Each structure stands twice: as structure tokens, then as C-alpha cells.
Amino acid sequence: MDIGTVTGPAEQTPRTPLAPGAGIKEPEAGVGGRNAPPIGGTTGSAAYGLEDGAEALVRFLAGRRSAVVLSGAGLSTESGIPDYRGVTGRLRPSVPMTFQDFTADEANRRRYWARSHLGWRAITQARPNTGHLAVTRLMRSGLVSGVITQNVDGLHSAAGAPETIDLHGRLDRVVCLDCGDRSARARLDERLAHANPGFRDITAATNADGDAELPAARTADFRIVACEACRVGTLKPDVVFFGENVPAERVQRCYDLVDPSFALLVLGSSLTVMSGLRFARRAARQGTPVAIVNQGPTRGDALAALRLDLPLGQTLTALADRFGA
């Protein structure tokens, strides 16, 4: 769940090639290792109920030592934050602003910050749901070695997940595009409220990217503020917008997490954008089993050894319970 902001469709970030056999562990004899055959799933959306789905996940993870989680917007919907596509897999009508639009025109930045200023309330009020908490339980038990999240809401960290890579950044931070200073979003929220008295009283629906739905007429007079550090710089949320690349160092950290893992567990992501899909493709290419739990079709379904179309909170809680995590 990204804020007006997920990376564009092309995999543009350079990466270090995976050497043959690099970081790949051989499966133990008689144990479901990396290259074990698929368990209980198909490349399509299997018709599992909740109990059977949880059991299928238990069988998928059993004996595989540890898995890496790749999470998306669907994991945060139970916290009250909408996703981008819903169960149909089709993009919702609201289209996030691109990096190019944001940097090209001050009117676009006013529109962005006006809508984001209102939507910020929904983000700050969101709390980790049972799905986030179950992932943390699985991490503490050793079944999950790390989390790569495409979401920018910080809910994995709020749930206590110790190893989380925020692939697309975090909404609770702000960066200056001129001097590079990073600061807390809460401070910017105070400054925008002071510059626009009464604006936060407007009631509006919030989108998946943290923006409120507002007509252009309501944003035209919104006053934006400059960076406090350099006094003149343009402020942007510290997230990756559409049309912007994920930093290469961050992508490499994700590869370093995925490459030695024994399984990849995709939770609540349609894998529509390449920034997330590349990790599922990388895992499948090197023989690491992929399981996908998502309500609605995904772009990675053909890569999955196990595919479940089930609610995440209940399914992950049942999984953690079965492992005694």
C-alpha cells in the first residue's frame, strides 16, 4: 500500500547478477527444502476454505526452516486502509500522482499536499491488524526470517516485526528534494495545519495511497511550506512515487534477504508492479518455492507452488496458531 506512490511498471533499477548457486542452500534429505515439489496448490487460485488453506500453508512451510514475506496493500485493508485494486485485481478509479507531475508544477504539489494532509489522519489512526501481528509471531518463532513490504504505512514495524524492509519508503517521513534533509511527517502536519487553518475539518474519503478525495477547487488555495533545514527546498513524502525508482541499495538488501531463503510468502499483493514482482520471479527462477495469499488474481500466480484466495487476518492467525508461534 503505497502512497500515491508505487514504482512504475518497468524494472529499471540495476542489480547485482545472481551467480550460479550463489546463496542457495541444498535441501536436507527427507525434508521439504528449497526445491521440494509444490504442496497442495496449483498455479491458479485454489478453492481452499480457511481451515484447509491454513493446513496447506503449514505443509508448505514445514521443514523449510524459514521464509521471507513480501507484503502488499491487501494486508493493511483490515486496518482500515483501502487497497489499490480490490478482489477484482482492477485498478481503482483514483490514480496516484507521478513523481514527474509532482516535481513539474507547484499547483500539482498543492493538490498533492492538500489531499495528503487530510488523508494523513487515516494513516495515523490505523493500527496493526491480526495479519500483521501473526507475521510478527511467525518471525519470533523463526519461521519467517524477514519482511519486505510494499506498503508505506509502517504497520509491520508497529506490530513489532524486527526485520522489515520498507521497499517503497515510509509515509511518516518527509525528505527535501533540494538539500536531502529528512524529518518527521508529524512536524510537517503541524506546519501545514498552521498554514491552512480549518482545512483539517473537511470530511473526505481516503484512498490507498493516503490521499483524500478532493475536487480541484478545494485544493487550489492550499498553502504548502518549504523545508525547515534549508528554508527553500521542496518537500516530498519519503516514499517512492510512480515513475520513480526504488534505491538500488534497498533493492539489493531485498535480494540479500530473498536469495538464501527457503520460501517466499506473498501476502496481500497483486504483484502488478515490477518493484514487487521481481522478487517472486527471482525466487522462482532459483528454485525457491513461492506461496501467494491474496484476495483476487495476481500477476505472479503462474509462479506459485501454492495459491490461496483467502482473508489474510484469519488465515495468518490460523497459521501462527498451528505452529504454536
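In the set (1) modelled with pLDDT under 95; (2) under 16 Å from the mean Cα position of the chain (by Cα), the condition left unmet by residue 220 is number (2). For segment 291-306, a residue qualifies if it is acidic (Asp, Glu) and surrounded by 24 or more Cβ atoms within 10 Å (Cβ to Cβ), but none of them does.
Checking each residue in segment 95-116 for being in contact with a Phe, Trp or Tyr (Cβ under 7 Å, 6 or more places away or on another chain) and not aromatic (Phe, Trp, Tyr) picks out 96, 97, 98, 108, 109, 110, 114. Within segment 233-288, if we keep just the residues that are out of contact with any Gly (no Cβ under 7 Å at 6 or more places or on another chain) and acidic (Asp, Glu), the residue that is modelled with the lowest pLDDT turns out to be 244. Listed by position, the helices (runs of 4 or more DSSP H) enclosed by segment 230-325 that each have at least 3 residues that are under 15 Å from residue 60 (Cα atoms) and in contact (Cβ under 8 Å) with a residue 12 or more places away in the chain are 312-322.
Yes or no, residue by residue, for (1) surrounded by fewer than 18 Cβ atoms within 10 Å (Cβ to Cβ); (2) modelled with pLDDT under 95; (3) not small (Gly, Ala, Ser):
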| position | (1), (2), (3) |
| --- | --- |
| 92 | yes, yes, yes |
| 104 | yes, no, no |
| 114 | no, yes, no |
| 128 | no, no, yes |
| 139 | no, no, yes |
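Look at (1) in contact with a helix residue (DSSP H, G or I) (Cβ under 7 Å, 6 or more places away or on another chain); (2) buried (at least 16 other Cβ atoms within 10 Å of the Cβ) and you find that residue 119 fails only one, number (1).
Every listed requirement among (1) among the charged types (D, E, K, R); (2) at pLDDT 95 or above; (3) out of contact with any Cys (no Cβ under 7 Å at 6 or more places or on another chain) is met by residue 181 save one, (3). The condition of being basic (Lys, Arg) and surrounded by fewer than 13 Cβ atoms within 10 Å (Cβ to Cβ) holds for only one of 170, 200, 187, that being 187. Residue 56 fulfils the conditions (1) part of a loop (DSSP other than H, G, I, E, B); (2) small (Gly, Ala, Ser); (3) at pLDDT 90 or above except for a single criterion, (1).
If the condition is being of a type in the set (A, V, I, L, M) and over 15 Å from the mean Cα position of the chain (by Cα), then segment 253-302 contributes 257, 258, 263, 283, 284, 290, 291, 302. Residue count for segment 183-193, restricted to those that are free of Cβ contacts under 8 Å to residues at least 40 places away in the same chain and either touching a His at 6+ places or on another chain (Cβ under 7 Å) or on the phi > 0 side of the Ramachandran plot (or both): 0.
Just a yes or no: is a residue in segment 149-166 in contact with a Phe, Trp or Tyr (Cβ under 9 Å, 6 or more places away or on another chain) and on the phi < 0 side of the Ramachandran plot? Looking for residues that are in contact with a Phe, Trp or Tyr (Cβ under 9 Å, 6 or more places away or on another chain) and on the phi < 0 side of the Ramachandran plot, one finds none in segment 149-166, hence no. Residues in segment 158-182 that are under 27 Å from residue 218 (Cα atoms) and either free of Cβ contacts under 8 Å to residues at least 60 places away in the same chain or of a type outside the set (A, V, I, L, M) (or both): 170, 172, 173, 176. Scanning segment 279-290 for residues that are of a type in the set (A, V, I, L, M, F, W, C) and surrounded by fewer than 23 Cβ atoms within 10 Å (Cβ to Cβ) yields a count of 1.
The values are calculated or read from the model by the stated rules, or taken from the named source; none is laboratory data. Please read all numbers here as calculations on a predicted model, not as lab measurements. Glycine also receives a Cβ, built like all others from the backbone with ideal geometry; neighbour counts cover every protein chain displayed.
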